[in-house]
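K.L.:
Submitted below is the structure of interest, expressed as structure tokens.
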Amino acid sequence: MERTHISKLKEAVGKEVLIKGFVEAIRDQGKIKFLVIRDVTGQVQVVVKDSPALEKVEDLTLESVISLTGLAKEEAQAPGGFEIKATDFEVLSKADPELAIPVVYEKSGGEVDVSKRFDYRWLDMRRPEKQEILKVWTHLEKGFREFMLSQDFIQAYSPSFMTAPSESGSEVFEVSYFERKAYLAQSPQFYKQMAMAAGLEKIFMIGPVYRAEPSFTTRHVTEFTGWDLEFSYIKDHYDVMSMEEDMLIAAFTEAKEALDLDIEIPTKPFPKITMVEAKEKLKAAGVHSAKEHDVSPEEEREISRIIKEETGHDFVFLTDWHVSERPFYHMRHEDNPQLTKSFDLIYKGVEITTGAQREHRLEVLKEQALEKGMSLDSIAEYLKFFQYGCPPHGGAGIGPARIVMKLMDLPSIKEATFLPRDVKRLTP
Ligand code: ATP
């Protein structure tokens, strides 16, 4: 007999079915016993009576994996409206009677320690609402990829091992690489730009990014997935923002439709304010500002709240950052060289993207690097990309885990990450 997934039982009413999954609950009422079986598509109640299965239930343990046959029927009383009358079952893998963490919390009374949940992530992940997180990510990424393809972007992958850190700063992991030292990529930035110099015109990347951040926040991990895009012949950073708006609308729409999610699809155009305007608004709202040209996490939350109140929008672009807060390769405004053609995108109070038009003119690029106190030797490999012609271009780096966190209202980026890595955690 072919296996039926629990979500498909509706189509099998009146028939003998074979289901496979975890035993989520066992209720013993003497001559009748009830089981709840869970697979990746849902849960179903099973009634066991007058069958050889009845005795076997005695030895069954919670969270064991079983294969069960029975008659599928409608049952208004049962959760989901269906029930299976068991004929027999076989234990495929017996679970230890003492679970390291409970899979169903109600039974154990309250939440389990977060760290312990991550120690046993494979048990934690058995909960349907946890599995939903990865399903949402999957469909957001499908939407991202399909939108990129619809715009004729080409996908590329970039290496994680590098000879020099991809951005200046201390957040880089050093690894031993045969006789030498290598660094783990903090972003695919340089390679995306190399693709522009290669004439690929529009590229996107999905891959791991490493940051040796010693921070313990709800939005940083040391290894995360980056969605990156870069494209040529743009007018300015507004072209990049517009592309990201369309992409996010496509991704949200795909996830909403595929999973029947109750989420709001953002509308275009997203609100955009310059950093100067943002600072004015924050000041007017009485929000303390520690840095003139940067926004703290609190300021990100507050500006998001203000824009939400003013426009109803969950997203806001902060544009035209001061040169002091941006890397040397961000292009500057012709009429105000103190400002870069750059932006951050804030979603529900958290930064999810940094983007910019890049400086593609070698001489200007060198000047900007020197002005930042960098040695040209340290970026010699990168500078070469601009030596033989490179189209004007721009792009953005996006953190999907932060999007999923805010979209699903999760307390931390780790909850949105299958196997999070932070300062303390290297397992499982
Ligand atoms: P933050 O200021 O929040 O530390 P950042 O300015 O270092 O972020 P970028 O280098 O611009 O971030 O990276 C682009 C995007 O990658 C960010 O907008 C965010 O979505 C994501 N990102 C950056 N650092 C992390 C991290 N440590 N963990 C998870 N996602 C991250």
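The values are calculated or read from the model by the stated rules, or taken from the named source; none is laboratory data. This one's a predicted model, so the numbers in the text were calculated from it and none came from an experiment. FYI the Cβ positions are ideal-geometry reconstructions off the backbone, even for glycines, and counts take in every protein chain you see.
K.L.:
Of (1) in contact (Cβ under 8 Å) with a residue 40 or more places away in the chain; (2) in a helix (DSSP H, G or I), residue 410 satisfies all except one. Which?
P.N.:
Condition not satisfied by residue 410: (2).
K.L.:
Does residue 354 count as without any contact (Cβ under 8 Å) to a residue 40 or more places away in the chain, within 16 Å of the ligand (Cβ to nearest atom) and surrounded by 12 or more Cβ atoms within 10 Å (Cβ to Cβ)?
P.N.:
no
K.L.:
Do the conditions hold for residue 303, that is, is it without any contact (Cβ under 8 Å) to a residue 60 or more places away in the chain, assigned to a loop (DSSP other than H, G, I, E, B) and among the aliphatic types (A, V, I, L, M)?
P.N.:
Against the criterion (without any contact (Cβ under 8 Å) to a residue 60 or more places away in the chain, assigned to a loop (DSSP other than H, G, I, E, B) and among the aliphatic types (A, V, I, L, M)), residue 303 does not qualify.
K.L.:
If we scan the range 283-296, do we find a residue that is outside any loop (DSSP other than H, G, I, E, B), surrounded by 13 or more Cβ atoms within 10 Å (Cβ to Cβ), out of contact with any Asp or Glu (no Cβ under 6 Å at 6 or more places or on another chain) and touching a residue at least 12 places away in the same chain (Cβ under 8 Å)?
P.N.:
no
K.L.:
Would a scan of the range 330-338 turn up a residue that is free of Cβ contacts under 8 Å to residues at least 24 places away in the same chain and either within 23 Å of residue 231 (Cβ to Cβ) or part of a helix (DSSP H, G or I) (or both)?
P.N.:
Yes, the range 330-338 has at least one match.
K.L.:
Let me ask something additional. If we only count helices (runs of 4 or more DSSP H) wholly inside the range 113-154, which ones have 3 or more residues that are crowded, with 19+ Cβ neighbours inside 10 Å?
P.N.:
Passing ranges, in order: 128-150.
K.L.:
With 378, 342 as the choices, which residue is over 24 Å from residue 398 (Cβ atoms) and small (Gly, Ala, Ser)?
P.N.:
The unique qualifying residue is 378.
K.L.:
Can you tell me which residue within the range 62-113, out of those that are among the small types (Gly, Ala, Ser) and touching a helix residue (DSSP H, G or I) at 6+ places or on another chain (Cβ under 9 Å), is farthest from residue 12 (Cα to Cα)?
P.N.:
Ranking the candidates gives 100 first.
K.L.:
Can you tell me which residue is surrounded by the fewest Cβ atoms within 10 Å (Cβ to Cβ) among those in the range 188-216 that are away from the ligand (no atom under 16 Å from the Cβ) and not aliphatic (A, V, I, L, M)?
P.N.:
199
K.L.:
Read through the list (1) more than 16 Å from residue 355 (Cα to Cα); (2) charged (D, E, K, R); (3) within 16 Å of the ligand (Cβ to nearest atom); (4) over 17 Å from the mean Cα position of the chain (by Cα), then give the number of the only condition that residue 174 fails.
P.N.:
(3) is the only condition that residue 174 fails.
K.L.:
Testing residue 383 on (1) surrounded by 22 or more Cβ atoms within 10 Å (Cβ to Cβ); (2) part of a helix (DSSP H, G or I), one condition comes back false. Which one is that?
P.N.:
Checking residue 383 against (1) surrounded by 22 or more Cβ atoms within 10 Å (Cβ to Cβ); (2) part of a helix (DSSP H, G or I), the one that fails is (1).
K.L.:
Right, another one. Which of the residues belonging to the range 117-149 are under 30 Å from residue 98 (Cβ atoms), more than 13 Å from the chain's Cα centre (by Cα) and hydrophobic (A, V, I, L, M, F, W, C)?
P.N.:
118, 122, 123, 125
K.L.:
Could you pull out the residue among 36, 44, 17, 91 that is more than 29 Å from residue 258 (Cβ to Cβ), modelled with pLDDT of 95 or more, part of a strand (DSSP E or B) and β-branched (Val, Ile, Thr)?
P.N.:
Of 36, 44, 17, 91, the one residue that is more than 29 Å from residue 258 (Cβ to Cβ), modelled with pLDDT of 95 or more, part of a strand (DSSP E or B) and β-branched (Val, Ile, Thr) is 91.
K.L.:
Still on this structure, please answer the following. Across the range 295-351, what is the total count of residues that are among the aromatic types (Phe, Trp, Tyr) and away from the ligand (no atom under 13 Å from the Cβ)?
P.N.:
Summing the residues that are among the aromatic types (Phe, Trp, Tyr) and away from the ligand (no atom under 13 Å from the Cβ) in the range 295-351 gives 1.
K.L.:
Just need a number here: residues in the range 52-74 that are surrounded by fewer than 17 Cβ atoms within 10 Å (Cβ to Cβ) and not β-branched (Val, Ile, Thr).
P.N.:
Qualifying residue count, the range 52-74: 9.
K.L.:
Looking at the range 251-263, I want the residues that are touching a residue at least 24 places away in the same chain (Cβ under 8 Å) and have a partner that is aromatic (Phe, Trp, Tyr) and in a helix (DSSP H, G or I) with Cβ atoms under 9 Å, at least 6 apart or on another chain. Which pairs are those?
P.N.:
So the pair list comes out as 251/144; 251/147; 254/144; 254/147; 255/137; 261/252; 263/252.
K.L.:
Identify the residue in the range 386-408 that is more than 16 Å from the ligand (Cβ to nearest atom) and either hydrophobic (A, V, I, L, M, F, W, C) or surrounded by 22 or more Cβ atoms within 10 Å (Cβ to Cβ) (or both) and, among all such residues, is nearest to residue 247 (Cα to Cα).
P.N.:
That would be 393.
K.L.:
Looking only at residues in the range 219-274 that are within 16 Å of the ligand (Cβ to nearest atom) and polar (S, T, N, Q), which one is farthest from residue 131 (Cα to Cα)?
P.N.:
Here the answer is 222.
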